[in-house]
Amino acid sequence: MTEKLPPELANYSPVSKYCLMKMYGEITFDLYTIPPGKQHFNEPVLLVRKNSMLSDVRDVIAASGFENFYIRKEEQENLHHLIENFIGMMVDDPLIPLKEKASIIYNCAANVMKDIFSDPRSGDNLKRTEDMTGNIIKFALSDQASIPSLLQLSSHDYYTFTHCLNVAVFSIGMWQTIYPARQDCLREFALGCILHDIGKSQIDDAILNKPGKLTDDEFTVMKKHPQHGYKLMAQAIPSISLDVILHHHEKHDGKGYPRGLKGDRISDYAKIAAIADVYDALTTKRSYAEARDPFKAVLTMKEEMVGHFEQDKFISFIHLLSGRNSGAVTK
C-alpha cells in the first residue's frame, strides 16, 4: 500500500528523488516541493516548471537541499512515461533502496497496464507492456525480497489492470519457487500472466463492475474473456503467453472453462497463473465481495475449491506466501 498523504496534498502525488536524480532529458510536468521546516502550508510550492531539463532540476535540488517532491495528480501519466525509459537502469543501481525500486516499478507498471486495457490493439502499448514485463523479471531476479516488496504495494481494492500486475508478480514468484533453474521461457510466461485478463477490455463495464452476483446470461458473457483475449493477442505475442490467456480458468478436475481441460492437458503455465489469479481476486475488495486476509484466502482455496488446482503447485504457492523460499509475501 502506498503511504497516505495529508489532506493538503490530496491533489498531488509524490515523486521519488531517485527518479529525478537518475533520469535525463526534459520534464513534462511542473515539479513542486515543501521547503524543509515549513510546518503549515496550503499547498506545495512550485520548484521547477515543465519543459525544464532534468540536469537543471538536479542543480536546483542540489542547491536547495530539498528532499520531498510532488507533481499534480493530473500529470502523473507524464511522469510515468518518462520513468519507463530509465527503469532498467534504476533496477541495476545499487544506490537505490529496494523498496524505492519496487515503488517506482509497481506504479509505472500499473500505468502501462491501464493504457493497454484502454487500447489493447496499440502496438506501442504492447511494446511498453513487454518491456515492463522484462523489467519486472529483472527486478524479481535481482533480490529475494523483490517479490514481497512489490506485492506490499498492491491495493486491497480491485482494478483489472492492477490485478493483472499482481498475478504476474505472484506467478513470477511461483516460477522461481518451482523452477529456479528454468529462465528460458519466464518472459513469455510472465507476459501471458500480465495480459491474462486483457479480454475483459471487451466486456461491458456494467457486467465487469456489477455490485452483486452475475445472472447466468451475464456470467456466460464474462466467461468469454479468455477467448476475447486470445483473439486480441493471437498475432502479437508468443504461444506460451497465449496459452496463459486462454487457459487461466481451466481447473485440474476438468470443470473449468473455456475448454474443460483436465490434469496434464493443462500446461504448467496456466496452472500457476490460475492459482495466482484466484488468490489475488480473493484478497482484494471487489464490487460484490470484501477482501479476505491471506490466511482465509488460502483456506478458502484449500477447502472450498477442491480439485481446482494441481496439489503440488498449490503447496509451492503456500511455501511462497509463507516466505519459505523468498521472504513473507502477503498483501
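Data for the structure
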quantity: Note, ³J(HN,Hα) from phi for the range 316-323, Karplus 6.51, -1.76, 1.60, rounded to Hz, x at Gly and Pro; calculated: 4, 5, 4, 4, 4, 5, 6, x
quantity: Pair Asp253, Asn68: separation of 7 Å Cα→Cβ label points (nm); calculated: 5.3
quantity: Quarter of Cα convex hull surface for the chain, i.e. mean projection, nm²; calculated: 17.6
quantity: FRET efficiency estimate (nearest 0.05) - Cβ-Cβ, Thr28 to Thr300, R0 30 angstrom; calculated: 0.10
quantity: Whole-Hz couplings from phi, Karplus 6.51/-1.76/1.60, listed for the range 254-267; x for Gly and Pro; calculated: x, 9, x, 9, x, 10, x, 5, 10, x, 5, 6, 9, 5
quantity: Separation of alpha-carbon centers, the range 302-324 and the range 251-275, rounded to whole Å; calculated: 14
quantity: Highest-first arrangement of 198-208, 144-154, where packing means the average Cβ count within 10 Å; calculated: 144-154, 198-208
quantity: Kirkwood Rh and Cα Rg combined as Rg/Rh, the range 85-146; calculated: 1.01
quantity: All Cα pairs of the range 179-224, percent lying beyond 11 Å; calculated: 73
quantity: Interchain or long-range residues, amide H under 5 Å from Val15's placed H; calculated: Phe69, Tyr70, Ile71
quantity: Separation of the Leu46 and Asn11 label points, Cα + 7 Å toward Cβ, nm; calculated: 1.3
quantity: Cα centroid of the range 73-142 to Cα centroid of the range 199-241, whole Å; calculated: 25
quantity: For Thr284, distant residues with modelled amide H under 5 Å away; calculated: Arg292
quantity: Candidates per chymotrypsin sites (Phe, Trp or Tyr not before Pro) in the range 223-298, loop by DSSP, up to 12 other Cβ within 10 Å; calculated: Tyr288
quantity: The range 1-75 - charge dipole about Cα centre, Lys and Arg +1 at Cβ, Asp and Glu -1, debye rounded to 20; calculated: 100
quantity: Largest to smallest principal axis extent of the C-alpha atoms in the range 177-264, angstrom; calculated: 45, 30, 22
quantity: Rounded to whole Å, sorted largest first: equivalent-ellipsoid semi-axes of the range 190-331, Cα gyration tensor; calculated: 23, 20, 15
quantity: Amide H contacts under 5 Å for Glu250, placed H, 5+ residues apart; calculated: Tyr257
quantity: Charge tally in the Cβ shell below 11 Å around Leu95, where Lys, Arg are +1 and Asp, Glu are -1, Leu95 excluded; calculated: -1
quantity: Relative contact order of the range 1-75, defined on C-alpha pairs under 8 angstrom at six or more residues apart (%); calculated: 44
quantity: HN-Hα J in Hz across the range 292-305 - Karplus 6.51, -1.76, 1.60, θ = phi - 60°, x for Gly and Pro; calculated: 9, 6, x, 4, 5, 5, 5, 4, 4, 5, 6, 9, 9, 10
quantity: Test item: Cα-centred dipole of the chain, Lys/Arg +1 and Asp/Glu -1 on Cβ, debye; calculated: 500
quantity: Ranked packing of 102-111, 124-133, 76-85, most packed first, by mean Cβ within 10 Å; calculated: 102-111, 124-133, 76-85
quantity: Neighbour-count ranking [beta-carbon atoms within 10 angstrom, fewest first] of Ile315, Ile266; calculated: Ile315, Ile266
quantity: Approximate shape of the range 38-102 as ellipsoid semi-axes (Cα gyration tensor, √5λ), whole Å, largest first; calculated: 23, 16, 14
quantity: Neighbour-limited loop hits for GluC sites (Glu not before Pro), the range 207-313 (at most 14 other Cβ within 10 Å; DSSP other than H, G, I, E, B); calculated: Glu290, Glu304
quantity: Radius of gyration and Dmax over the Cα atoms of the range 1-75, both given in Å; calculated: 12.1, 34
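Values in this text are rule-based calculations from the coordinates and carry no lab data. As the structure is a prediction and not an experimental result, all values here were calculated from the model. Using ideal geometry, Cβ is built from the backbone for each residue, glycine included, and neighbour counts are taken over all protein chains shown.
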